[in-house]
Amino acid sequence: MASRPRILLLDDDQELLDMYQEILGQMPSKPEVVTASSGARAIALLESQKFTLMVTDLNMPKMDGLQVLSIVRRKYPQLRIVVLTSVMDEQFRSRSYAMGVDLFWQKPSTMDEIKLFLDCIESLLGREEQESGFRGVQSKSLVDLIQLECLSRTSTTLRITNGNLEGRIWIRDGDVIDAASATLDGTDAFKEILCWKTGSFEILPADDKHPRKIQESYQGLLLETVQAIDEGQHQSVENGESNAAHEAASPLLPLSTVQGVEFLIDVPDDQSRDADSWAAENVPGTAAWVRETVNEFRKLGDDLQAGQLLNLEYHGQQRHITCTPGLKSHLLTGWNRNLSGDELRDNLKLITSKWAS
């Protein structure tokens with residue numbers, strides 16, 4: 001018996017998300033429909049779960065739909081993608097199809113248009129996946145991605161993350177000109193980044209003013225690095241940790257499976273340490289706010305002789321927010337707004353126990 005198809009629905013309008021989640025869930029194939037209200041949240045869900053199809057809006061704040069398409073099409077070649085937008089612009093349509101989307105559709109406004117849209121979605125879900133070949137502009141690995149960008153003679157900046165680790169690779173006119181990790185730059189940083197066998201990447205605009213620190217050709221650089229990896233010769237220069245430690249996924253990933261979680265930030269009380277995050281945006285600024293807020297409420301609790309601060313809750317129209325203070329770090333969690341107060345507190349207990357362990 002075939003498993004139920006799973007659809008990821010991305011839009012920054014929560015009311016539209018709720019409406020289309022219900023509409024899509026009533027199709028004959030009875031798909032499971034998961035929603036995301038931001039590009040970062042959608043990408044995080046794709047990294048942790050398997051989906052058959054993604055339906056995305058284009059006009060969204062921070063990370064727009066075209067940016068999401070650029071990342072998703074490269075990382076998930078077999079994922080079918082439908083653009084559902086109110087912006088009917090021929091340039092958007094052309095760029096979307098050039099990125100390998102399966103369908104570009106204006107948001108339906110009548111019952112007949114909705115029925116036709118659902119028929120198209122059902123047809124996409126019913127197609128058998130190709131076992132080989134490429135769809136859109138796709139990269140199988142970080143090495144493949146770099147080769148693709150260089151062969152295309154493009155200029156771009158790649159931001160690579162692996163748990164708490166972050167690195168960047170600068171490409172200009174098809175040449176790798178520099179790389180940087182926490183404490184390394186140039187060739188050493190490039191080799192270290194390519195040793196991260198797991199993680200995710202984001203394509204940023206080119207930086208025409210960035211200085212060139214790598215003089216080798218990208219072919220020679222990749223060949224040398226891949227040979228070092230294959231022979232097990234390269235070790236982390238940054239802090240001497242084993243490759244297994246570098247390959248470790250974010251410790252917040254298990255917490256993301258709790259129902260209703262939209263983002264997570266683990267904020268160390270020590271301001272010199274970076275916060276760990278999952279599907280969150282503006283992490284440094286949010287982390288600073290968390291530290292300040294926890295300290296203020298603890299001070300208020302001392303003044304009122306109220307005892308230990310256990311949790312902070314905020315219930316908003318877009319999402320709910322909770323903050324769980326700890327001795328050495330604090331957990332900030334974003335929750336789906338559809339959770340009731342009781343569901344939120346039950347799930348908060350579950351996620352707190354996982355976090356504490």
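For segment 35-45, check the following and say yes or no: at least one residue is more than 21 Å from ASN338 (Cβ to Cβ) and part of a helix (DSSP H, G or I). Yes - at least one qualifying residue is present in segment 35-45.
Kindly indicate whether GLU202 is at pLDDT below 85, of a type in the set (Asp, Glu) and surrounded by fewer than 16 Cβ atoms within 10 Å (Cβ to Cβ). Against the criterion (at pLDDT below 85, of a type in the set (Asp, Glu) and surrounded by fewer than 16 Cβ atoms within 10 Å (Cβ to Cβ)), GLU202 does not qualify. When you check LEU264 against the structure, is it in contact with a strand residue (DSSP E or B) (Cβ under 7 Å, 6 or more places away or on another chain) and either modelled with pLDDT under 60 or over 21 Å from TRP196 (Cα atoms) (or both), yes or no? Against the criterion (in contact with a strand residue (DSSP E or B) (Cβ under 7 Å, 6 or more places away or on another chain) and either modelled with pLDDT under 60 or over 21 Å from TRP196 (Cα atoms) (or both)), LEU264 qualifies. Among the residues of segment 302-339, those identified as among the polar types (S, T, N, Q) and at pLDDT below 85 are GLN308, GLN317, GLN318, ASN336, ASN338. Inclusion of ARG291 among residues that are surrounded by 13 or more Cβ atoms within 10 Å (Cβ to Cβ) and at pLDDT 85 or above is warranted.
Part of a loop (DSSP other than H, G, I, E, B), among the small types (Gly, Ala, Ser) and in contact (Cβ under 8 Å) with a residue 40 or more places away in the chain: which single residue out of SER29, SER70, SER3 fits that description? Of SER29, SER70, SER3, the one residue that is part of a loop (DSSP other than H, G, I, E, B), among the small types (Gly, Ala, Ser) and in contact (Cβ under 8 Å) with a residue 40 or more places away in the chain is SER29. If we scan segment 327-334, do we find a residue that is hydrophobic (A, V, I, L, M, F, W, C), in a helix (DSSP H, G or I) and under 26 Å from the mean Cα position of the chain (by Cα)? Scanning segment 327-334, I find no residue that is hydrophobic (A, V, I, L, M, F, W, C), in a helix (DSSP H, G or I) and under 26 Å from the mean Cα position of the chain (by Cα), so the answer is no. Candidates MET54, MET111, MET27, MET63: the one that is surrounded by 14 or more Cβ atoms within 10 Å (Cβ to Cβ) and at pLDDT below 85 is MET63. Looking only at residues of segment 302-326 that are over 21 Å from ALA36 (Cα atoms) and exposed (fewer than 13 other Cβ atoms within 10 Å of the Cβ), we find that the one that is nearest to the chain's Cα centre (by Cα) is LEU310. Being surrounded by 15 or more Cβ atoms within 10 Å (Cβ to Cβ), outside any strand (DSSP E or B) and in contact (Cβ under 8 Å) with a residue 60 or more places away in the chain: is that true of TRP355 here? When the stated conditions are applied, TRP355 passes them.
The values are calculated or read from the model by the stated rules, or taken from the named source; none is laboratory data. Since this is a predicted model, take the numbers as computed values, not measurements. For neighbour counting, all protein chains shown are included, and Cβ atoms are generated from backbone atoms with ideal geometry for every residue, glycine included.
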